[in-house]
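Accompanying notes for the structure given below.
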Amino acid sequence: MHDSHLLAEQQSYYRARAPEYDDWWHRRGRYDRGADANAQWFSEAAALERALDNFGPKGDILELACGTGLWTDVLVRHARRLTAVDAAAEMIARARARVGAGPVEFVHADLFAWSPAPSAYDLCFFAFWLSHVPESRFDAFWLTVATALRPGGRVFFVDSDRSDRSTASDHRLPAADEETMSRRLDDGREFQVVKRFYVPSWLERRLEGLGFRVAVRRTGEFFIYGGGEHIGPRAASKRDPDRIL
């Protein structure tokens, strides 16, 4: 599938998924994987929030792929000004309702076509988005991040680690050499989306080649997160087959 068609299908999936998206985060319905797995999930999710708090988000913040506002609601407590971008109007409506009043501007835009104001932000944040960026768009996406950041600007992201217990009980993870998977909604409709899993050390090297010094860590089973700064252009790193777990 050509990536433009795949990305259009991915966007349709997230528009349709908006009413049930939070079930994944809160481990409800098809995402309830039992008491032990759920307890581990919530413990690691709390670790993500602590890591972000320790990173010290502040100033003018750009959030990419804000979704239903789970992290927008966290970031707005720290931001002087927050811009939250998502391709799904249905997601933005839920994020707006969750956050309420505050120094946040919501932007409805396709992240693969949208351009930020140059050098406008102190921090760029995105959660569970990088894994949905295909390899063919990876470098261009990070150029967008670099363009958005002021000199000395920083980046923080969180994403999925590879675990069968992370996704819905009726989903199957892609093979290690694949970057797409089938996702099912509660009503049975199925969509193809991009889903990639990264080895932290590989991702650190790749990002350094793109001008970012980022430390990437695992929480245990379910998540990875990375924080660091834009350090300027570097020669692009050679692609490495060890990217995927």
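The values are calculated or read from the model by the stated rules, or taken from the named source; none is laboratory data. All values derive from a computational prediction rather than experimental measurement. Here the Cβ is made from the backbone with ideal geometry for all residues, glycine too, and neighbour counts use every protein chain on show.
Could we say that residue 196 is surrounded by fewer than 17 Cβ atoms within 10 Å (Cβ to Cβ) and either in contact with a helix residue (DSSP H, G or I) (Cβ under 7 Å, 6 or more places away or on another chain) or modelled with pLDDT of 95 or more (or both) here? It is false that residue 196 is surrounded by fewer than 17 Cβ atoms within 10 Å (Cβ to Cβ) and either in contact with a helix residue (DSSP H, G or I) (Cβ under 7 Å, 6 or more places away or on another chain) or modelled with pLDDT of 95 or more (or both).
Among what's in region 42-61 and is aliphatic (A, V, I, L, M) and over 25 Å from residue 16 (Cβ atoms), pick the residue that is surrounded by the most Cβ atoms within 10 Å (Cβ to Cβ). Filtering first and then ranking leaves 61.
Considering region 62-84, the residues that are more than 15 Å from the chain's Cα centre (by Cα) and among the hydrophobic types (A, V, I, L, M, F, W, C) include one that is nearest to residue 23 (Cα to Cα), namely 76.
Conditions (1) farther than 22 Å from residue 6 by Cα; (2) surrounded by 17 or more Cβ atoms within 10 Å (Cβ to Cβ); (3) not aromatic (Phe, Trp, Tyr), marked per residue:
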site	(1), (2), (3)
67	no, yes, yes
71	yes, yes, no
99	yes, yes, yes
102	yes, no, yes
116	yes, yes, yes
133	no, yes, yes
143	no, no, yes
169	yes, no, yes
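Residues of region 104-114 being over 22 Å from residue 19 (Cα atoms) and surrounded by fewer than 16 Cβ atoms within 10 Å (Cβ to Cβ), which ones? Across region 104-114, the qualifying residues are 113, 114. Scanning region 137-186 for residues that are modelled with pLDDT under 95 and either among the aromatic types (Phe, Trp, Tyr) or in a helix (DSSP H, G or I) (or both) yields a total of 0. If I filter region 220-228 for residues that are surrounded by fewer than 20 Cβ atoms within 10 Å (Cβ to Cβ) and without any contact (Cβ under 8 Å) to a residue 60 or more places away in the chain, do I get at least one hit? Looking through region 220-228, none of the residues is surrounded by fewer than 20 Cβ atoms within 10 Å (Cβ to Cβ) and without any contact (Cβ under 8 Å) to a residue 60 or more places away in the chain.
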